[in-house]
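Structure first, then comments.
The values are calculated or read from the model by the stated rules, or taken from the named source; none is laboratory data. Note that the structure is predicted; figures quoted are calculated from it, not measured. Accessible surface areas use protein heavy atoms only, side chains included; no ligands, DNA or RNA. Shrake-Rupley method; radii C 1.70, N 1.55, O 1.52, S 1.80 Å.
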Amino acid sequence: MVDAHGAALYQFCLRLCGRREDAEDLFQDTFMRAFGLLQKWERSENPRGFLLAVACNLWKCQRRKYARRERIAPRVTAGEMAERAAIVAGPEDALLAREEAAQLRERVAALPEHLRIPILLRYTNEMSVDEIAQMLHIPAGTVKSRLHAARKKLAKGMGEE
């Protein structure tokens, strides 16, 4: 498959990503995912279309993931970091940040198990919703609703104090 369709797939990845490094990562991820899906894929189907669809779906997932992360915690440039560092008062802010982190860990530990496990898998192990669903043997929609409920409880608890 690599010999037969690799060049077309790489060009597609390059057009999607725009950067050679990202295209190479997507290209490799596509073949890794396709290898895992070979059991479901019938030989009578279009192999090139199959690979392009896998690449497109992976690319969409990556874009959504990075967009979500950007909304939650926007990337900061070096200049902005320097500005923020100048604003930070010092040890007091570091202490507050540590205390907030400790409170968050306590609140996560206090969550019911059915909410705590998906939160830990998602944010400490950086697993996708599908991976969590597969691991826990529950539907992806259930994982999403549990993540939402857990985040809501955590945000409510942190906002009260």
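So for C61, C17, what's the accessible-area order with a 1.4 Å probe, most first? Each step should come with its number before you reach the end.
Working: C61 70, C17 35 Å².
Descending order: C61, C17.
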- Message: Just to make sure I understand: if all protein chains stay in place, what is the order of V2, V108 by accessible area at 1.4 Å, largest first?
- Response: V2, V108
